[in-house]
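Following: one structure in structure tokens, then a few remarks.
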Amino acid sequence: MMYPFMTLDNEAEITHSEYMDDGRVKVYVEKADEKDGFHHLTCYLPSYEITDVYGFDKEEQEKYMEVIRSTAHLIMEFSKDGGFENASGF
């Protein structure tokens, strides 16, 4: 299951998976694009391994990875609690 995490000011969406048995969490960034449909990036925490990129240039990738790096501790915590809404008590 994927949980919503953050919508950036450029309308890119960041979601994350549940905490997996192997200790990893999948983080997925997606942004609508008129020409291509959607651009996306997949990253696994805690290693920050990027496994799939489509449509994002190096500068965009680094921008999204900076957001992921700066919030990784929250993503990891929320992944254990069923996403932000369950972790925050909303």
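Every number here is computed from the coordinates shown, using simple stated rules; none is lab data. Just so it is clear, the model here is predicted, and its values are computed rather than measured. Cβ atoms come from the backbone with ideal geometry, glycine included; neighbour counts cover every protein chain shown.
Worth a mention:
- Per-region count, segment 1-18, residues touching a residue at least 12 places away in the same chain (Cβ under 8 Å) and within 15 Å of Ile68 (Cα to Cα): 11
- Residue within segment 31-39 that is under 11 Å from the mean Cα position of the chain (by Cα) and surrounded by 12 or more Cβ atoms within 10 Å (Cβ to Cβ) present: no
- Gly55 being within 15 Å of Glu13 (Cβ to Cβ) and exposed (fewer than 13 other Cβ atoms within 10 Å of the Cβ): no
- Every residue from segment 55-88 that is without any contact (Cβ under 8 Å) to a residue 40 or more places away in the chain and of a type in the set (Phe, Trp, Tyr): Phe56
- The condition (being free of Cβ contacts under 8 Å to residues at least 24 places away in the same chain and in a loop (DSSP other than H, G, I, E, B)) is satisfied by just one residue among Asp21, Asp52: Asp21.
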